[in-house]
Amino acid sequence: MDIFPHRRFAAKFASPVEDKEHILQIAIDMAMEAGRIQLRKFRSRHLEMETKSSIHDVVTEVDKECEAFLIAQIHEAYPTHSVLGEETGLHQKESDWEWVIDPLDGTNNYSQGLPVFSVSIGVKYKGETLVGVVYAPYLDELFTASKDGGAAMNGRAIHVSRKTNFGACVLGTGFPYDKGSVTSYDNNLDNVCALLPKLRGLRRMGSAAYDLCCVAAGILDGYWELGLKPWDLCAGALIVEEAGGKIVPFRQDRPIAIVAGNQALVNRILSLLGKDKA
């Protein structure tokens, strides 16, 4: 039995042709292999974990293992491409191509044994995202998109919700890691208070990449969050857009803050959200 399946995987993609569909397939295979790494240690009693920016912001041995795996495979397949990873930062190359990866989005969920977590891989060319892949391994849900090529869930085309009646909508949101040290205006509580009474329901799934994919598939009608990072939404934002949705920023005074959904719903959410401080 080969205990290093990633070596066979790397050899398979030694000399690829740089086009969207080929890159998309490579990204799918990489995400699914990273998902298998995650499942092997999910709900382990011996999971190693440490904090990063705060006690709320954690990283596990699996985050690190998956990121190392993904970076190694990307550089094996595309030696000249840059990679931006959540755990190790920018691996700069002299290239117009950049892979933006979140090796384990939803680390808090993963570390607690909750099944909503994902691998997120976005591929950009000259700053434009051309390929997006998000894989939720426990749920075995694979979301994919290529620029101008549409979006799919497990190979079937998807489209954002067409709901416009706010009271019939279920939205998703999240909270920034610095939530304990900022005001309610900065930690999203003000927005929850403004929107929740008007909605059918509100969900906090714990993985921004998965939230966006749920919007793309019409599982959630819309989503907003602030304090995101590029690896949280690079892939998911493309998947939403290719599923007919909109991604709109709503604050410039906090790290990435976006609203996602159909255009009418995005407009309604924007009308209720707190804007930049004067």
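The values are calculated or read from the model by the stated rules, or taken from the named source; none is laboratory data. Remember, predicted model here, so these are calculated numbers, not experimental data. All Cβ positions, even for glycine, are placed from backbone atoms using ideal geometry, and neighbour counts span all protein chains on display. Note: areas computed on protein heavy atoms with side chains; ligands, DNA, RNA excluded. Shrake-Rupley method; radii C 1.70, N 1.55, O 1.52, S 1.80 Å.
Here mean projected area of the Cα convex hull in nm² was calculated from the structure, and among (1) 19.6; (2) 16.4; (3) 15.0 it sits at label (3). For the chain, a Gaussian network of Cα nodes joined below 10 Å ranks A27, A152, A264 by mean-square fluctuation, and the top entry is A264.
Placing +1 on the Cβ of every Lys and Arg and -1 on the Cβ of every Asp and Glu, with no other charges, gives segment 156-233 a dipole of roughly 400 debye about its Cα centre.
If the only charges are +1 at each Lys and Arg Cβ and -1 at each Asp and Glu Cβ, what is the size of the charge dipole of segment 207-247 around the Cα centre, to the nearest 20 debye? List each step's numbers first, then the result.
On the way: 2 positive and 6 negative charges, 13 e Å.
Taking the Cα centre of segment 207-247 as origin, the dipole is about 60 debye.
Rounded to the nearest 20, the Cβ-based charge dipole of the chain about its Cα centre (Lys and Arg +1, Asp and Glu -1) stands at 960 debye. Taking the chain as a Gaussian network, Cα atoms linked when under 10 Å apart, which of N109, N165, N267 shows the biggest mean-square fluctuation? In the Gaussian network model the winner is N165.
The residue list L195, V119, S146 was ranked by how far each Cα lies along the charge dipole of the chain toward its positive end, using unit charges on Cβ atoms, and L195 comes out on top.
Under a GNM of the chain (C-alpha, springs under 10 Å), which listed residue has the highest mean-square fluctuation: P255, P115, P176? Top of the fluctuation ranking is P255.
Which percent of the accessible area of the chain is formed by carbon and sulfur heavy atoms (probe 1.4 angstrom)? Numbers along the way, then the final one.
On the way: 6480 of 12490 Å².
After summing per-atom areas, the C and S share lands at 52 percent.
Taking all C-alpha pairs of segment 103-262, those more than 20 Å from each other amount to 47 percent.
May I ask for the Rg/Rh ratio of segment 99-155, computed from Cα atoms with Rh as the Kirkwood radius, given to two decimals?
Working: Rg = 12.5 Å, Rh = 12.0 Å.
When Rh is taken as the Kirkwood radius, the ratio is 1.04.
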